[in-house]
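Following: one structure in structure tokens, then a few remarks.
The values are calculated or read from the model by the stated rules, or taken from the named source; none is laboratory data. Here the structure is a predicted model, which is why all the values come from computation and not from measurement. Positions of Cβ are backbone-derived with ideal geometry, glycine not excepted, and every protein chain shown enters the neighbour counts.
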2 protein chains.
Amino acid sequence: MDRVPLERKVLSENDRIAADLRARFLEHGVLCLNLISSPGSGKTSLLERTLEALPRQDRVAVLTGDIQTENDANRLKRFHFPVKQITTGGTCHLDARMIERHLADWRLQDLDLLFVENVGNLVCPSSYDLGEAAKIVVLSVTEGEDKPLKYPSIFFKSDLLVLNKIDLLPYVPFDINAAAENARKVHPGMEIVKVSSLTGAGLHEWITWLEAKRKAHKSLVETAS
Amino acid sequence: MDRVPLERKVLSENDRIAADLRARFLEHGVLCLNLISSPGSGKTSLLERTLEALPRQDRVAVLTGDIQTENDANRLKRFHFPVKQITTGGTCHLDARMIERHLADWRLQDLDLLFVENVGNLVCPSSYDLGEAAKIVVLSVTEGEDKPLKYPSIFFKSDLLVLNKIDLLPYVPFDINAAAENARKVHPGMEIVKVSSLTGAGLHEWITWLEAKRKAHKSLVETAS
């Protein structure tokens, strides 16, 4: 049985909406970042730390995806930035239409930075463009250093690898150099930051990457306009 | 765009092959167990510990699934039981046809126990029956105690929850009682074993569960024949 033609149709429809979102993000100067990882690698904790570190006047918002529950939105709302939960009800990834629908009552001109936290999954989200400026893959050091080789697509497509939970390095058999090497086998020159959302170690590296990305995106927007 | 009719056709075709596999497993007295978890929760390590603990004369085999790489099969082969890697090339789950194809040159009458290690993913594998006698979900304590609520389907469909990496409990913010409670909210009465594949803690509980399952399956096979 051949699923390919329908898959292709679904993906091309998704790409059309994603291209439209990307154009709108560019028009309004919104940097959209799509965070992807396995369940429990620490996307939400990283976002908690990030929202905590950003100035309250920053124009930042979060769309957070899950199969079920509003847990993540509830965790993120306490930082007083706009947050919306997208529950997919069974679908293993966000798609561009879900993003479009959940943005409908937000004014993009009021935003500079939009985080999209995808469903916890290293496979399906990799195929769905959400109109983001960049994908970011989060890998926790408890997951094993071979994951970039086993799930190459998402490591290839992401601009940045966040190696999370480095506080656990003394307690797990994880070779952080081998992990970085594997990531760069799949994606030569891939940027990597090493953080612990629990202790805060390395977070300055992540924030530095983020601020550089925001600055670069601002230049791009100014050139485009 | 409506994907439902094709999904349904793919799933019903899968169910037909799975039913056929289940009948063949029963006919030949093979207990098939389908292990499912996020990437890096420790399915392969649990299998390494299990194969190490089983008598060499036991008639055990493993099919291990991944998007890419033969790493897991290579790790498992050193225990001298038959092991085959299934690389899905992008698909986020195993399906019954892959199992059927990879079993083609094994004689089921030579086997008593078949482990299937699914692709690392808490979502997609839950929809695909592989003809197994039971699904087993593995959750590592680094992943957060809310996972059963966020990914209810796989916790509902699994006979057993293996809470893995309990050696890391002192270092992670994980409430093991809340995790068990969440699992039993989704699946009342769910059996749970707590193990560390690294230190070996709790593995006797897992082996006890496994031996009880093998015994019960043997009775079932004898009744059926």
Practice task
Would you be able to tell me the number of residues in the stretch B:2-44 that are of a type in the set (Ser, Thr, Tyr), crowded, with 21+ Cβ neighbours inside 10 Å and assigned to a helix (DSSP H, G or I)?
Solution key: 1
Exercise for the section: Hey, can you tell me all the residues within the stretch A:58-84 that are more than 14 Å from every other protein chain (Cβ to nearest Cβ), under 16 Å from A:TRP106 (Cα atoms) and either part of a loop (DSSP other than H, G, I, E, B) or touching a residue at least 40 places away in the same chain (Cβ under 8 Å) (or both)? Expected result: A:ASP58, A:ARG59, A:VAL60, A:ALA61, A:VAL62, A:LEU63, A:HIS80, A:PHE81, A:PRO82
Completion exercise
Note on the stretch A:192-225: residues without any contact (Cβ under 8 Å) to a residue 40 or more places away in the chain, more than 20 Å from A:LEU54 (Cβ to Cβ) and surrounded by 14 or more Cβ atoms within 10 Å (Cβ to Cβ) are A:ILE192, A:LYS194
Exercise for the section: Go through (1) surrounded by fewer than 17 Cβ atoms within 10 Å (Cβ to Cβ); (2) out of contact with any Leu (no Cβ under 7 Å at 6 or more places or on another chain) one by one and return the number of the condition B:ILE176 breaks. Expected result: (2)
Exercise for the section: Determine whether the stretch A:70-85 contains at least one residue that is over 15 Å from A:LEU47 (Cα atoms) and surrounded by 17 or more Cβ atoms within 10 Å (Cβ to Cβ). Expected result: no
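Mind telling me which of the residues A:GLU143, A:GLU191 ends up being of a type in the set (Asp, Glu), touching a strand residue (DSSP E or B) at 6+ places or on another chain (Cβ under 9 Å) and under 23 Å from B:SER38 (Cβ atoms)?
That would be A:GLU143, the only listed residue that is of a type in the set (Asp, Glu), touching a strand residue (DSSP E or B) at 6+ places or on another chain (Cβ under 9 Å) and under 23 Å from B:SER38 (Cβ atoms).
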Handout entry: Among the candidates A:LEU46, A:LEU139, A:LEU108, residue that is more than 14 Å from every other protein chain (Cβ to nearest Cβ) and at pLDDT 95 or above
Key = A:LEU108
Exercise for the section: Would you check which residues across the stretch A:49-68 are among the hydroxyl-bearing types (Ser, Thr, Tyr) and either modelled with pLDDT under 95 or in contact with an Asp or Glu (Cβ under 7 Å, 6 or more places away or on another chain) (or both) and list them? Expected result: A:THR64
Handout entry: Close pairs from the stretch A:134-145: first without any contact (Cβ under 8 Å) to a residue 40 or more places away in the chain, partner of a type in the set (D, E, K, R) and part of a loop (DSSP other than H, G, I, E, B), Cβ under 7 Å, at least 6 apart
Key = A:VAL141/A:LYS165; A:THR142/A:LYS165; A:THR142/B:LYS165; A:GLU145/A:ASP175
Exercise for the section: Would you point out the residue of the stretch A:26-42, among those that are out of contact with any helix residue (DSSP H, G or I) (no Cβ under 7 Å at 6 or more places or on another chain) and away from chain B (no Cβ under 14 Å), that is farthest from A:PRO125 (Cα to Cα)? Expected result: A:GLU27
